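Undergrad: Let me give you the structure first, and then I'll get to my questions.
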Amino acid sequence: MSNTPVVGQATTIRTSAAVASAPAGWYDIGFGRRRWFDGRGWTDHYAPMPTETVAASSRRHPADHGFHLIMTVMTLCAWLPVWALAVGWSAVRHAPRRMIRS
């Protein structure tokens, strides 16, 4: 027998050399649950499996700041003609008008 926990173990084991040498701790028993092994036998303490927090965040791809910079510049440049037209139209509308006398 190995020292690894047995998935789905539901009976109390008291005198097994292989189990007695396993360290105390939470062991996966399947079905999204863990069971506490006290070093001598299985107890009646159960807990849900922990959710992935650190492992999931370490698998994410790092932010590509170069891509974000390029997209920002392209967006600003795409709006540049609109800004130019708005400023030009505003300047034409608010320019002082000269009276032409004949």
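Undergrad: Please count how many residues of the range 17-42 are of a type in the set (Ser, Thr, Tyr) and either under 32 Å from the mean Cα position of the chain (by Cα) or modelled with pLDDT under 50 (or both).
TA: Matching residues across the range 17-42 total 1.
Undergrad: Here is a further query. Looking for something touching a Phe, Trp or Tyr at 6+ places or on another chain (Cβ under 7 Å), closer than 30 Å to residue 25 by Cβ and modelled with pLDDT of 85 or more - is there at least one such residue anywhere in the range 48-67?
TA: Within the range 48-67, not a single residue is touching a Phe, Trp or Tyr at 6+ places or on another chain (Cβ under 7 Å), closer than 30 Å to residue 25 by Cβ and modelled with pLDDT of 85 or more.
The values are calculated or read from the model by the stated rules, or taken from the named source; none is laboratory data. Quick caveat, the model's predicted, so the values are computed rather than measured. Cβ atoms come from the backbone with ideal geometry, glycine included; neighbour counts cover every protein chain shown.
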